[in-house]
Amino acid sequence: MAGPQVLLVAGTHGNEVNGPWLIEQWSKTPNLINNYGVRFASTIGNPLAFEAGVRYLDRDLNRSFRAEFLRSTDSSDRELMRARKLLDLYGPLGRNACKIAIDIHSTTASMGSCLVIYGRRSSDLALAALVQKLIGLPVYLHEEDEAQKGFLVESWPCGLVIEVGPVAQSVLQFEIVEKTRLALEACFECIASISEGSTIYPRGLIIHRHIASFDFPRDLRGNIVGLIHPLIEGKDWQPIKAGVPLFVGADGDGICVEHDECLIPVFINEAAYAEKNIAMSLTKREFWPFDVSWKNSLEGLFT
């Protein structure tokens with residue numbers, strides 16, 4: 001079974017430097033990462049922002065792949081122009097066409113290593129399930145958030161985000177680079193197994209499904225009046241019961257936010273999300289039985 005070419009993107013956000021550093025070192029030392037014979041192309045997602053050391057210049061590139069933006073003829077927005085160029089170069093119908101995209105990110109939140117998928121595309125679910133089976137990474141399913149859409153990997157037939165943290169923006173750290181390398185190798189190994197016809201699919205996928213995002217408590221002027229509660233700070237992936245304060249005021253009093261019992265927070269106090277009015281997101285942990293349609297969708301990319 002022929003394997004599709006895979007697109008590796010690092011530096012979609014210009015101040016996330018560990019992924020680009022790893023890819024650059026790999027170009028100098030070909031045996032640094034085992035790609036298991038998978039064909040791939042690699043690129044810096046937002047080179048102008050990367051050179052400037054900022055997340056983005058005009059808009060978040062990882063929210064710029066909305067259909068209406070891609071159809072636009074606006075040439076003044078540098079991220080929109082970059083999104084169109086990436087698709088022209090590496091999109092499914094591009095000059096150097098790829099069918100699977102892996103977008104490498106880092107986070108200031110205590111997320112460890114995880115995968116992120118957007119929506120419920122069968123091919124994404126199948127590949128995430130294979131990687132989870134291999135190295136046990138948690139999978140965050142982001143969906144049903146009108147304010148947050150237009151993600152890069154959604155423009156390819158199959159796509160995963162590798163997210164590793166915690167690390168401060170613009171800071172290189174060995175542990176982050178190493179965890180990124182291991183997650184990337186796991187993706188390659190799973191893709192190669194499909195090409196070789198040796199894939200054993202899991203019984204299912206453990207998913208952390210997005211329920212809601214919460215902003216910091218604010219006054220009428222929009223000023224933050226409550227911080228992440230110290231019992232919540234840094235506790236990504238750990239269940240919290242209903243009634244437990246998520247925030248705390250300057251006076252030390254807890255501030256409760258209504259939520260269902262035993263939801264699980266992720267991206268707690270992610271620095272880049274403050275501008276998006278997100279202090280944390282809450283998820284529900286679910287087991288989804290593996291569906292044969294997932295397998296068929298993923299393997300259909302290999303013909």
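We did not get these values from a lab; they are worked out from the coordinates using the rules stated. If you're wondering where the values come from, they're calculated on a predicted model, not measured in any experiment. Reconstructed Cβ throughout: ideal geometry from the backbone, glycine too, with neighbour counts over all protein chains shown.
Tabulated data for the structure shown
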{"item": "Charge dipole magnitude, Cβ of K and R +1, D and E -1 - segment 211-284, Cα centre, debye nearest 20", "result": "100 debye"}
{"item": "Least to most buried among T12, T107 (fewest other Cβ within 10 Å first)", "result": "T107, T12"}
{"item": "Label-to-label distance, nm, for residues given as D58 and E275 (7 Å Cα→Cβ offset)", "result": "1.4 nm"}
{"item": "Neighbour-count order for R55, R95, fewest beta carbons within 10 angstrom listed first", "result": "R95, R55"}
{"item": "Under 30 Å from K295, Cα to Cα: lysines that are on another chain or at least 8 residues apart", "result": "K99, K133, K149, K179, K284"}
{"item": "Antiparallel DSSP beta bridges within the chain, percent to nearest 5", "result": "50 percent"}
{"item": "Estimated distance in nm for a label pair at S293 and A97, the labels positioned 7 Å out from Cα along Cα-to-Cβ", "result": "2.5 nm"}
{"item": "Centre separation in Å (Cα based) which lies between segment 1-58 and segment 227-303", "result": "27 Å"}
{"item": "Highest-MSF residue in the chain out of V167, V248, V116 [GNM, Cα springs under 10 Å]", "result": "V248"}
{"item": "Unit charges at the beta carbon, dipole of segment 211-284: most positive-side option, L231, V266, F216", "result": "V266"}
{"item": "Among C262, C158, C190, residue whose mean-square fluctuation peaks in a GNM of the chain (springs only between Cα atoms under 10 Å)", "result": "C262"}
{"item": "Lys, Arg +1 and Asp, Glu -1 on Cβ, resulting dipole of the chain about Cα centre, debye, nearest 20", "result": "820 debye"}
{"item": "Cα gyration tensor shape for segment 2-57, rounded if a/c is under 1.5, else prolate or oblate", "result": "oblate"}
